[in-house]
Amino acid sequence: MKPSHFIAALIGATVLAATAHAQENDTLKKIKELGSITIGHRESSIPFSYLDDKQQPIGYAMDLCMKVVDAVKADLKLPNLKVVLQPVTSSNRIPLLQNGTIDMECGSTTNSTVRQQQVAFGPTYFVVNVTAAVKKSSNIKTIADLNGKTISTTSGTTSVPLIKAYEKAKGTEVKEIYGKDHGESFLLMADDRSAAFVMDDILLAGQIANAKHPGDFRILPESLRQEPYSLMLRKDDSKFKALVDKAIGDVMKSGEIEKIYAKWFTSPVPPKGINLNFPMTQPIRDAFKNPNDKGV
């Protein structure tokens, strides 16, 4: 084959591959053909996406995803669109999205630039601050006050490298002990085996709300890093992403997001009726005011 013919053939193959890829990621076409949309949900990500006492997925993220479902019904003129609910985990959520098992994931997934190489995201619907929970009686008011103290955090989380980076930058020294999960990490602090529990602020709020004496604890106002949570979509699907962006953006711009937020973060939530008492932070307000899909 002549070089010019080879190059032409290569370009043609690339175009065909790109076309096939775009067709594979036509979520709206897939939904219309099947007459159903599949939502990936978490089972214990309170209050974003979790199971109630009837084993039905509920939560803040689920409410927002149902706004997308309504938009899909209107766009495809399918008022009786079937909604399939598929549980996912932190380890399988991306593969199940990529292979078409689910059409979107509704949970507490961080929108990161690394993940953006594999998937796409809708507008940020929550902003986490990685910080610390302490006992009020400790008189610890800043992260710098942890210098020379023992902190607890959960194995395998982003909190570990973040606190180490803080130590290096600020010249502080702390000793880390690790819990196997957030409950154990919080207990290490509650039982005075550590001075602070370093983790995402909303997860800290959940632990405090479930404590025997919630009033004994507080969350430090400082942040080691902010991380945005978003609805996760397949990559390179401009039509579906545009629909999602508009559906979620409209909820934010109309002010309806205020009521949905209050329902899950400043009111008693099922099944135990616990109130997380987590008022909207300024970064969250900013995200609602200017909907975007920027990753961290």
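Check the stretch 122-140 and report whether any residue there is open to solvent by 50 Å² or more (accessible area, probe 1.4 Å) and charged (D, E, K, R).
Taking every residue of the stretch 122-140 in turn, at least one turns out to be open to solvent by 50 Å² or more (accessible area, probe 1.4 Å) and charged (D, E, K, R).
Suppose we filter Ser254, Ser185, Ser155, Ser159 for residues that are surrounded by fewer than 17 Cβ atoms within 10 Å (Cβ to Cβ), touching a Ser or Thr at 6+ places or on another chain (Cβ under 9 Å) and not aromatic (Phe, Trp, Tyr); which single one remains?
Values: Ser254 fails: touching a Ser or Thr at 6+ places or on another chain (Cβ under 9 Å); Ser185 fails: surrounded by fewer than 17 Cβ atoms within 10 Å (Cβ to Cβ); Ser159 fails: surrounded by fewer than 17 Cβ atoms within 10 Å (Cβ to Cβ).
Of the residues listed, the single one that is surrounded by fewer than 17 Cβ atoms within 10 Å (Cβ to Cβ), touching a Ser or Thr at 6+ places or on another chain (Cβ under 9 Å) and not aromatic (Phe, Trp, Tyr) is Ser155.
Checking Tyr166 against (1) farther than 25 Å from Pro279 by Cα; (2) not in a helix (DSSP H, G or I), which single condition isn't satisfied?
Against the list (1) farther than 25 Å from Pro279 by Cα; (2) not in a helix (DSSP H, G or I), Tyr166 comes up short only on (2).
Can you find a residue that is in contact with a helix residue (DSSP H, G or I) (Cβ under 8 Å, 6 or more places away or on another chain) and surrounded by fewer than 23 Cβ atoms within 10 Å (Cβ to Cβ) anywhere in the stretch 47-62?
In the first step, residues of the stretch 47-62 are kept if they are in contact with a helix residue (DSSP H, G or I) (Cβ under 8 Å, 6 or more places away or on another chain); the result is 47-49, 59-60.
Remaining after also requiring surrounded by fewer than 23 Cβ atoms within 10 Å (Cβ to Cβ): none.
No.
If you check Gly206, Gly100, Gly171, which single one turns out to be on the phi > 0 side of the Ramachandran plot and modelled with pLDDT under 95?
Gly171
Specify which of the listed residues (Tyr178, Tyr166) is within 24 Å of the chain's Cα centre (by Cα), open to solvent by 50 Å² or more (accessible area, probe 1.4 Å), at negative phi and among the aromatic types (Phe, Trp, Tyr).
On the way: Tyr166 fails: open to solvent by 50 Å² or more (accessible area, probe 1.4 Å).
After ruling out the rest, the residue left standing is Tyr178.
Looking at the stretch 31-46, which of its residues are touching a helix residue (DSSP H, G or I) at 6+ places or on another chain (Cβ under 9 Å), at pLDDT 90 or above and of a type in the set (D, E, K, R)? Before you say what the answer is, go through the steps one by one.
Going through the stretch 31-46, the residues touching a helix residue (DSSP H, G or I) at 6+ places or on another chain (Cβ under 9 Å) turn out to be 31-32, 37-42, 45-46.
Retained after the next criterion (residues that are at pLDDT 90 or above): 31-32, 37-41.
Lys32 - this is the single residue of the stretch 31-46 that is touching a helix residue (DSSP H, G or I) at 6+ places or on another chain (Cβ under 9 Å), at pLDDT 90 or above and of a type in the set (D, E, K, R).
Among (1) over 21 Å from Asp293 (Cα atoms); (2) open to solvent by 30 Å² or more (accessible area, probe 1.4 Å); (3) out of contact with any Pro (no Cβ under 8 Å at 6 or more places or on another chain), there is one condition Val88 misses while meeting the rest; what is its number?
Single failed check for Val88: (2).
Can you pull out every residue in the stretch 257-269 that is surrounded by fewer than 16 Cβ atoms within 10 Å (Cβ to Cβ) and touching a residue at least 60 places away in the same chain (Cβ under 8 Å)?
Residues of the stretch 257-269 surrounded by fewer than 16 Cβ atoms within 10 Å (Cβ to Cβ): 258-259, 262-263, 266-268.
Matches in the stretch 257-269: Lys263 only.
Going residue by residue through the stretch 178-193, is there one that turns out to be outside any helix (DSSP H, G or I), over 28 Å from Tyr60 (Cα atoms) and not charged (D, E, K, R)?
yes
Residue pairs, Cβ under 8 Å, 6 or more apart or interchain, first in the stretch 34-48 and in contact (Cβ under 8 Å) with a residue 40 or more places away in the chain, second of a type in the set (Ser, Thr, Tyr) and in a loop (DSSP other than H, G, I, E, B). List them.
Thr38/Thr101; Gly40/Thr101; Arg42/Thr89; Arg42/Ser108; Ser45/Ser108; Phe48/Ser108
Do we have Lys263 as part of a helix (DSSP H, G or I), more than 16 Å from Tyr125 (Cβ to Cβ) and among the charged types (D, E, K, R) here?
no
I'd like the full set of residues that are surrounded by 14 or more Cβ atoms within 10 Å (Cβ to Cβ) and either in contact with a strand residue (DSSP E or B) (Cβ under 6 Å, 6 or more places away or on another chain) or touching a residue at least 40 places away in the same chain (Cβ under 8 Å) (or both), limited to the stretch 276-287.
Selection gives Leu276, Phe278, Thr281, Pro283, Ile284, Ala287.
Please determine, by comparing only the residues of the stretch 210-233 that are assigned to a loop (DSSP other than H, G, I, E, B), closer than 16 Å to Ile274 by Cα and not hydrophobic (A, V, I, L, M, F, W, C), which one is most open to solvent (accessible area, probe 1.4 Å).
We begin by selecting, within the stretch 210-233, every residue assigned to a loop (DSSP other than H, G, I, E, B); these are 210-213, 220-224.
Subsequent filtering for residues that are closer than 16 Å to Ile274 by Cα retains 210-213.
Subset that is not hydrophobic (A, V, I, L, M, F, W, C): 210, 212-213.
Values: Asn210: 95, Lys212: 189, His213: 118 Å².
Only one residue tops the list, namely Lys212.
The values are calculated or read from the model by the stated rules, or taken from the named source; none is laboratory data. The shown structure was predicted, so the numbers you read here are calculated from the model rather than taken from an experiment. Positions of Cβ are backbone-derived with ideal geometry, glycine not excepted, and every protein chain shown enters the neighbour counts. Only protein heavy atoms, including side chains, enter the accessible area calculation; ligands, DNA and RNA are left aside. Shrake-Rupley method; radii C 1.70, N 1.55, O 1.52, S 1.80 Å.
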